[in-house]
Amino acid sequence: DKASINLKKQDLIIHGTTTTTNALLERKISKTALITTKGFRDVLELGRRTRPFPYGLIADFKPLIPRNLRFEVEERIDFKGNVLKKLNESELLKILKKIKELNCESIVIHFLHSYANSYHEVKAKNLILKNWPNKYVTAGHEILSESREFERGVTASINASVQPILENYIYDLQQRLRNNGYKKELLVMNGNGGTVSSKIVSKEAAKTVMSGPASGVIAATYVSKLSKVKNIITYDMGGTSTDVSLVVNNKPAVSSETEIEYSMPVHVPMVDVRTIGAGGGSIAKINEAGLLEVGPESSGSDPGPICYGNGGKNPTISDANFLLGRLNPESLNIKENIKIKEDTKSILENEISKKLKLNNYQSAEAILKIANNKMANAIRMVSISVGEDPREFNLFSFGGAGPMHACELARELDIPKVFIPARPGLTNALGCLVADLRQDFTQTLNISLEETNIKNLHSILEKFKSDGVSLIKKQKVEIEKFYIEFSLDMQFLGQTHIIKIPLKDAKPSKNFINKEFENIYFKRFKVKLEKILPIIVNINVSVIGKRKELDLKKLINFTKSEKISYRKVYFNGKWHRTPIYLRENLFPKFKQNGPAIIEQLDTTIVIHPKDNFFVDDFGNIIIEIYND
């Protein structure tokens, strides 16, 4: 309504939502009961025998489903899929009666070794659905068919606990759109970087968790590919947090081992994004040891940083940028510029500068330095820790605050170029627009490569491919072509963690699999274990339905103007007379040397002295970092 958009004329709407992520993080979830194999009631609580805090004897941990809502039923299947004890159906019905009395909204069925044989879970689900008032019943193997009962159980519990919330939210959205004349397909963003029809999204609600950060990575991949840049590190800095991810050969890193918070693993394919508490609103303070700390606490949007003029009383990263001249007072929502500036100065002086015996500008630079170091460490985690050298990548910077810090981050990590898209503050929304339809499939094999029946492996890969294509074709969206990604999760015998091994097609030979595993393992750990058996843990297939490309040149409406203003900006202990450009005035092929500030509605770009920048054909700004 506000944008005066006629829904009757729209061909497609793609929706990104944080509904499930927020529900989990805030524990505002549906009341959910768990039914599990006798003797395994406490799997969700025991976890991996880790502790929330490594030191001290006191810690607070609450599993997703409390103990009084976890029930045991007699049944048992072994790891080979053999039925050792039949499912006790009468006992199951008695448990169901108790669950009804407790007013639960959803149920998760989590039986031991259901990945090897799902017979009991399927039987239990069918029996429950006949005697349960709604359809919110999750069988663990349907969401995740892999070994490791803790991770499978938590993932299934996450799905069950957010399913009613997502279903009601999407239904309400569908009704409102329909009432306003929209008759076409509604797609919803998933954490794997793809989209899925709103008609089926709630069935696998867990897959929508962390879809917000994933959409930014998808947009970054799309934009960099069109600009013929293959390897990027995505860097998304907003108001409260920073998300970073790795993209190699225009393929985002996808992980099936994401952990949202302590003891909450979501083992479904998700774009591998690391998040830290460093954003524009992150609070700077002196800790008990007399050292300067930045984050993870945030001033939030209300009252926000001091320089926003809404009553903020804690110095933040945004306040440091403001005092150093990097933020334009007129572009902030400030009524009394002089008073706000004085408040920012006096609070920073009392809270930070006096305690460190520095002037305000030195303190502000120190705040930025510490924040940049935290973000640089996050980038090292997604690059160096997996055997990649950040010096061989471009830093793709977006988010409202990212372009203010990108040059210094790149310099810290010896990254040669910074890539800033046309609309940094809207990159996550762009990710929804360009995301393709996607279906992921996983099945546990858990057998040595030597003992693997290669024809059986080929048939599973082909079946998943066929199932994925069929599911995507049912969705009323125009698809240009299909891409299929085959991979195996592998490890050496006796190891715990897995490594993803890409396959070229659905008919790999044992020799090819062995060589690929050895090469990728060596790249990651720089060691060869030739005498230890390689194990195929999981088979993975991703089916991607490619949608029509979007014209990125529509994102900026260039305006012919030579107007440049100037203001003093503080860099490396000195004030510099710095040109201030408006983004829409910078046409393709524009070149200039730093320092410079480029302002636009959704962000401010800070270019340091001696750094050079130019505008490419798509309106992206490329900054070449100077390193002496």
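The values are calculated or read from the model by the stated rules, or taken from the named source; none is laboratory data. Not measured: the values here are computed from a predicted model. Every residue, glycine among them, receives a Cβ derived from its backbone with ideal geometry; neighbour counts consider all protein chains shown. These area figures cover heavy atoms from the full protein model, side chains too; ligands, DNA and RNA do not enter into them. Shrake-Rupley method; radii C 1.70, N 1.55, O 1.52, S 1.80 Å.
For the stretch 108-124, the count of residues that are touching a Pro at 6+ places or on another chain (Cβ under 8 Å) and surrounded by fewer than 21 Cβ atoms within 10 Å (Cβ to Cβ) is zero. If we scan the stretch 591-599, do we find a residue that is small (Gly, Ala, Ser), part of a loop (DSSP other than H, G, I, E, B) and in contact with a strand residue (DSSP E or B) (Cβ under 9 Å, 6 or more places away or on another chain)? Yes, the stretch 591-599 contains at least one residue that is small (Gly, Ala, Ser), part of a loop (DSSP other than H, G, I, E, B) and in contact with a strand residue (DSSP E or B) (Cβ under 9 Å, 6 or more places away or on another chain). For the stretch 40-62, filtering for residues that are among the aliphatic types (A, V, I, L, M) and open to solvent by 100 Å² or more (accessible area, probe 1.4 Å) leaves 3. Within the stretch 232-239, not a single residue is more than 27 Å from residue 596 (Cα to Cα), acidic (Asp, Glu) and either open to solvent by 10 Å² or more (accessible area, probe 1.4 Å) or touching a residue at least 60 places away in the same chain (Cβ under 8 Å) (or both).
Can you say whether residue 541 is touching a helix residue (DSSP H, G or I) at 6+ places or on another chain (Cβ under 8 Å), over 23 Å from residue 427 (Cβ atoms), among the β-branched types (Val, Ile, Thr) and in a strand (DSSP E or B), as far as the supplied structure shows?
Values: touching a helix residue (DSSP H, G or I) at 6+ places or on another chain (Cβ under 8 Å): yes; over 23 Å from residue 427 (Cβ atoms): yes; among the β-branched types (Val, Ile, Thr): yes; in a strand (DSSP E or B): yes.
Considered against the rule, which asks whether it is touching a helix residue (DSSP H, G or I) at 6+ places or on another chain (Cβ under 8 Å), over 23 Å from residue 427 (Cβ atoms), among the β-branched types (Val, Ile, Thr) and in a strand (DSSP E or B), residue 541 comes out as yes.
For the stretch 84-94, the criterion of being loosely packed, with under 14 Cβ neighbours inside 10 Å and assigned to a strand (DSSP E or B) is met by at least one residue. Regarding residue 74, is this residue acidic (Asp, Glu) and either open to solvent by less than 30 Å² (accessible area, probe 1.4 Å) or within 30 Å of residue 218 (Cα to Cα) (or both)? Here the answer is no, as residue 74 does not meet what is asked. If you check 618, 614 for being aromatic (Phe, Trp, Tyr), open to solvent by less than 80 Å² (accessible area, probe 1.4 Å) and touching a residue at least 40 places away in the same chain (Cβ under 8 Å), only one passes: 618.
Is it the case that residue 317 is in contact (Cβ under 8 Å) with a residue 24 or more places away in the chain and either in contact with a Pro (Cβ under 9 Å, 6 or more places away or on another chain) or of a type in the set (Ser, Thr, Tyr) (or both)? Answer is yes for this residue. Looking across the stretch 491-531, the residues that are open to solvent by 80 Å² or more (accessible area, probe 1.4 Å), in contact (Cβ under 8 Å) with a residue 12 or more places away in the chain and closer than 22 Å to residue 455 by Cα come down to 504, 507. The criterion of at least 1 residues that are out of contact with any helix residue (DSSP H, G or I) (no Cβ under 6 Å at 6 or more places or on another chain) is met by the following strands (runs of 3 or more DSSP E) wholly inside the stretch 197-281: 242-248, 274-276.
Per this entry, residue 512 is not counted among residues that are among the hydrophobic types (A, V, I, L, M, F, W, C) and within 21 Å of residue 437 (Cα to Cα).
The sole residue among 626, 566 that is part of a loop (DSSP other than H, G, I, E, B), open to solvent by 20 Å² or more (accessible area, probe 1.4 Å) and over 22 Å from residue 426 (Cα atoms) is 626. If we keep just the residues of the stretch 394-431 that are small (Gly, Ala, Ser) and open to solvent by 10 Å² or more (accessible area, probe 1.4 Å), which is farthest from residue 194 (Cα to Cα)? Applying the filter and picking the extreme gives 401. Only one entry in 369, 374 is part of a helix (DSSP H, G or I), more than 23 Å from residue 303 (Cβ to Cβ) and modelled with pLDDT of 95 or more, namely 369. Just one residue in the set 557, 519 is modelled with pLDDT of 90 or more and either out of contact with any His (no Cβ under 7 Å at 6 or more places or on another chain) or in a loop (DSSP other than H, G, I, E, B) (or both); that residue is 519. Within the stretch 138-149, the set of residues being part of a helix (DSSP H, G or I) and open to solvent by less than 10 Å² (accessible area, probe 1.4 Å) comprises just one member, 140.
Within the stretch 177-191, at least one residue is touching a strand residue (DSSP E or B) at 6+ places or on another chain (Cβ under 9 Å), part of a helix (DSSP H, G or I) and either at pLDDT below 95 or open to solvent by 20 Å² or more (accessible area, probe 1.4 Å) (or both).
Scanning the stretch 96-135 for residues that are small (Gly, Ala, Ser) and over 15 Å from residue 68 (Cα atoms) gives 114, 116, 118, 124.
Each row is one residue, and each column tells you yes or no for (1) of a type in the set (Gly, Ala, Ser); (2) over 15 Å from residue 429 (Cα atoms); (3) more than 15 Å from the chain's Cα centre (by Cα).
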residue: 163; (1), (2), (3): no, yes, yes
residue: 178; (1), (2), (3): no, yes, yes
residue: 183; (1), (2), (3): no, yes, yes
residue: 192; (1), (2), (3): no, yes, no
residue: 199; (1), (2), (3): no, yes, yes
residue: 211; (1), (2), (3): yes, no, no
residue: 227; (1), (2), (3): yes, yes, yes
residue: 231; (1), (2), (3): no, yes, yes
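Please verify whether the stretch 61-78 includes one or more residues that are farther than 27 Å from residue 161 by Cβ and touching a residue at least 24 places away in the same chain (Cβ under 8 Å).
So in the stretch 61-78, the residues farther than 27 Å from residue 161 by Cβ come out as 78.
Checking the rest, the ones that are also touching a residue at least 24 places away in the same chain (Cβ under 8 Å) come to 78.
Yes - at least one qualifying residue is present in the stretch 61-78.
If you go through the stretch 12-26 and keep only what is assigned to a loop (DSSP other than H, G, I, E, B) and in contact (Cβ under 8 Å) with a residue 12 or more places away in the chain, you end up with 12, 16, 17, 18. Output the residues belonging to the stretch 442-490 that are under 21 Å from residue 194 (Cβ atoms), part of a strand (DSSP E or B) and either hydroxyl-bearing (Ser, Thr, Tyr) or free of Cβ contacts under 8 Å to residues at least 40 places away in the same chain (or both). Result: 442, 483, 487.
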